[in-house]
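For reference, the structure is listed below as structure tokens.
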Amino acid sequence: MIDKLNVPQREAVTLAPQHALVLAGAGSGKTRVLITRIAWLIQSGYASPQGLLAVTFTNKAAREMLARVSAIMPIDTRGMWIGTFHGLCNRLLRAHFRDAGLPQAFQILDTADQLAAIKRLLKANNVDDEKYPPRDVQRFINGAKEEGQRPGDVEAYDSFRRRMIEIYALYEAQCQREGVVDFPELLLRAFELLSRNEPVRTHYQRRFRHVLVDEFQDTNTLQYRWLTLLAGGGATLFAVGDDDQSIYAFRGANVGNMSDFERDYAKGTVIRLEQNYRSFGHILDAANALISHNTGRLGKNLWTEQGAGEQIRVMELATDLSEAQWLVDEVRALVADGRVRREIAVLYRSNAQSRVIEHALFSAGVAYKVYGGLRFFERQEVKHALAYLRLIANLNDDTSWMRVVNFPPRGIGARTLEQLGDQARAYDTSLSNAVARVAGKGGSNLAQFAMLIARLAQETLTLTLPEMVEHVIDQSGLAAHYTLDREGADRIENLNELVSAAAAFAAEANMTGMPAGKVVEQPQDPEAFASAQAGLEMTDGMSPLAAFLSHASLEAGDNQAQAGQDAVQLMTVHAAKGLEFDAVFITGMEEGLFPHENSVLEASGLEEERRLMYVAITRARERLYFSLAQSRMLHGQTRYAMRSRFLSEIPQEHLKWLTPRQGLSPADTEPRWKSSGYSADAFGRAATNRATPVSARSLTSGVQVGTQEFRVGQGVRHARFGDGTITSLSGSGLDAQAQIQFRDVGVKTLALGIAKLEVIQG
DNA sequence: TCCAGGCCCGTTTTT
DNA sequence: CGGGCCTGGA
């Protein structure tokens, strides 16, 4: 187990119990170290399985960890807490729901549920949703919670924020009344439970002697505080991560947690895993060189024993269409060479880029698979079925009530629901409770809906979980509704799939045969109940239904297309993190796209883009391609962009330009594609029926404004901003815009029809 | 209640 | 350009 490790890996695994930070580069055996560490702690007697808590960000990572720990060690993994932050917090809150101030059957709102709840709240309180768009409110609330702040903790320095804070407070009250918690609430509530309730805190602090964290660079402020609180009773924190792969700042991740952790906990105990077992030399050296342009890194340099391998191939094309066509040909050549399609990945910075690529692959009949998109538990019909189930579990869940009160349609109109909402608000109660005040007589559609829910609850009392799900799908009218819908076949199939998912869940949690509504008795001794669970799902103290509903909220399911067949893998760079492939294409290597234009205004944004590129490069084992297009369609406009600056941050010795005339200065805008064999004429026109012939738009990589012609790479002078270079152009005539990198004042986007620019070169 | 058409917007995303 | 969302009319 340990003798197969390299020196720093072994050092990390066999470190005597103390706080430690493992800086694990891409492909350096990070997961292996984490798993072996757990096994070693147990085998060497430093820990019992009950004394271990390991936390990850995704369910996939948690599952993998649990599976691999069980595989290398014949120990009982029951009693060990392995899971996501949200899963573990859910577990804590279920076990101590009273102390946490929650109803036993509290429901978890996913992002979409939360947004719906906020919209309902804004409407009910007559908030101007132009000034306070639901999405902004959601971001505000979640941002505050992720900083550990309740409404009273948020600084109100202007009237706008004061109002936001009021809305936040109203939202909290609504959630509390309905018995629902959103994702950040799971963390904050669990954190507050631990920090305020001394007996509970002491219990868990004494129990968990070793806390291990994966992907530490992705933790947010609240998660960091949660970890340090949990370990505050003398437990050791073992954090594994890579600051160079921190790419989730936009959703609250705080890379600074790594240096804080080193300073406050790990002190000198930082172990670097720098030997890479994945990629060949040129690829690694390119990644190292690129990331060295970032500041404030904790610092590490990947190396390999595998040899230099091939240089990175670089291809520059006229348009996004010719880029896609070239890609298809290259993929076919790779397959003809004997590579399997599933070992080829096409990466892009933003999802919008996938369309052209998909189109080209589809036309050429190359099997491909796109990652991302709707996931199983997020599908409309599945959410509808779950909403019925949630109402059975918790009648006060107004979000679920509103979702299905008139679905399938049963003649309950907007005004009825408005009245119902008014009554509910007037009596500070749930919609369900307010029915009697609106409906009065039992014959109304509304009253019938309330009776339907009551009936379903009654009828399913003795059923097992899958039977219950099936009964609800059937009796709610969902099945009939979708059967009548001419395009409902897929939805019916998904509803059947939901029954299967319930059966599988019950089997896994050992709940088969148990009535879905029955609460598993909670033993009095918390230690006893806490150690009685198996696997990832916390199920005791919960009915099978409640457990399944938690599962559905916390694990949205697979978001990849049908698995199994051998297909080229298409995904964003973000989605590729943690994966590896024999051959990788990084597409759209253009200024404004990668790095993305919204990121270059701030140094921190640019550095995150660079880390993103670092992640992309280090996905490749043997072969890596960069491709770029001189022009591409974006938002219905043609855009011209310079080569990504990241290409010039990589030493040219690692690059092999497939395009002729390599190493041109950025200012050189001579059309290079003409001799590449992938001219717009050859590949652009036929591929699509766009109004503008591709050849026409690609032959001038410039934009005409009045008598001036602007080109990408051109030097310009602005009266106020000084001298700069055009990095991208879009639009034409009066709405033409240019992104300009000024020497002294940074990047600006200017309207060419308005700004007075003088061309100074090119 | 349903559907068509207008309108707005457009990085990355897990739980 | 294309998708999602909302509104207004039948």
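The values are calculated or read from the model by the stated rules, or taken from the named source; none is laboratory data. No experiment lies behind these values; they were computed from the predicted model shown. Backbone-built Cβ (ideal geometry, glycine too); neighbour counts: all protein chains shown. Quick note on the areas: whole protein, heavy atoms, side chains included, nothing else; ligands and nucleic acids left out. Shrake-Rupley method; radii C 1.70, N 1.55, O 1.52, S 1.80 Å.
Filtering the stretch A:49-62 to residues that are in contact (Cβ under 8 Å) with a residue 12 or more places away in the chain and either away from DNA strand B (no atom under 16 Å from the Cβ) or surrounded by fewer than 19 Cβ atoms within 10 Å (Cβ to Cβ) (or both) leaves A:49, A:50, A:51, A:52, A:58, A:59.
The number of residues in the stretch A:489-502 being without any contact (Cβ under 8 Å) to a residue 60 or more places away in the chain and either of a type in the set (Asp, Glu) or surrounded by 18 or more Cβ atoms within 10 Å (Cβ to Cβ) (or both) comes to 4. Just name the residue that is least open to solvent (accessible area, probe 1.4 Å) out of those in the stretch A:594-620 that are among the charged types (D, E, K, R) and part of a loop (DSSP other than H, G, I, E, B). In this case the residue turns out to be A:619.
Scanning the stretch A:29-48 for residues being outside any helix (DSSP H, G or I) and crowded, with 24+ Cβ neighbours inside 10 Å gives a total of 0. Evaluating residue A:145 against the criteria (1) more than 16 Å from DNA strand B (Cβ to nearest atom); (2) closer than 17 Å to residue A:225 by Cα leaves one unmet condition, (1). Could you grab me the full set of residues in the stretch A:625-661 that are in a loop (DSSP other than H, G, I, E, B) and not hydrophobic (A, V, I, L, M, F, W, C)? Listed by number, the residues that qualify are A:635, A:636, A:644, A:649, A:651, A:659, A:660, A:661. Residue A:304 meets all of the listed conditions (1) open to solvent by 30 Å² or more (accessible area, probe 1.4 Å); (2) β-branched (Val, Ile, Thr); (3) farther than 18 Å from residue A:582 by Cβ but one, namely (3).
Just so you know, in the stretch A:355-397 the residues that are in a loop (DSSP other than H, G, I, E, B), within 30 Å of residue A:461 (Cβ to Cβ) and open to solvent by 30 Å² or more (accessible area, probe 1.4 Å) include one that is nearest to DNA strand C (Cβ to nearest atom), and it is A:379. Considering the conditions (1) surrounded by 15 or more Cβ atoms within 10 Å (Cβ to Cβ); (2) within 15 Å of DNA strand B (Cβ to nearest atom); (3) farther than 22 Å from residue A:545 by Cβ, residue A:139 is excluded by exactly one of them, (1). Among all residues of the stretch A:336-353, there is none that is free of Cβ contacts under 8 Å to residues at least 12 places away in the same chain and either within 14 Å of DNA strand B (Cβ to nearest atom) or closer than 19 Å to residue A:629 by Cβ (or both). If the condition is being hydrophobic (A, V, I, L, M, F, W, C) and either within 18 Å of residue A:643 (Cα to Cα) or not in a loop (DSSP other than H, G, I, E, B) (or both), then the stretch A:733-762 contributes A:734, A:738, A:740, A:742, A:747, A:750, A:751, A:757, A:759, A:760.
Is it the case, given these coordinates, that residue A:153 is within 13 Å of DNA strand C (Cβ to nearest atom), of a type in the set (D, E, K, R) and free of Cβ contacts under 8 Å to residues at least 12 places away in the same chain? Here the answer is no, as residue A:153 does not meet what is asked. A search for C-beta distances below 7 Å between a residue of the stretch A:24-37 that is within 14 Å of residue A:7 (Cβ to Cβ) and any residue that is open to solvent by 10 Å² or more (accessible area, probe 1.4 Å) and of a type in the set (S, T, N, Q), counting only pairs 6+ apart in sequence or on different chains, returns A:28/A:275. Checked against (1) modelled with pLDDT under 60; (2) open to solvent by less than 40 Å² (accessible area, probe 1.4 Å); (3) over 30 Å from residue A:619 (Cα atoms), residue A:561 meets all criteria but (3). No other residue among A:451, A:402 is open to solvent by 10 Å² or more (accessible area, probe 1.4 Å) and free of Cβ contacts under 8 Å to residues at least 40 places away in the same chain apart from A:451.
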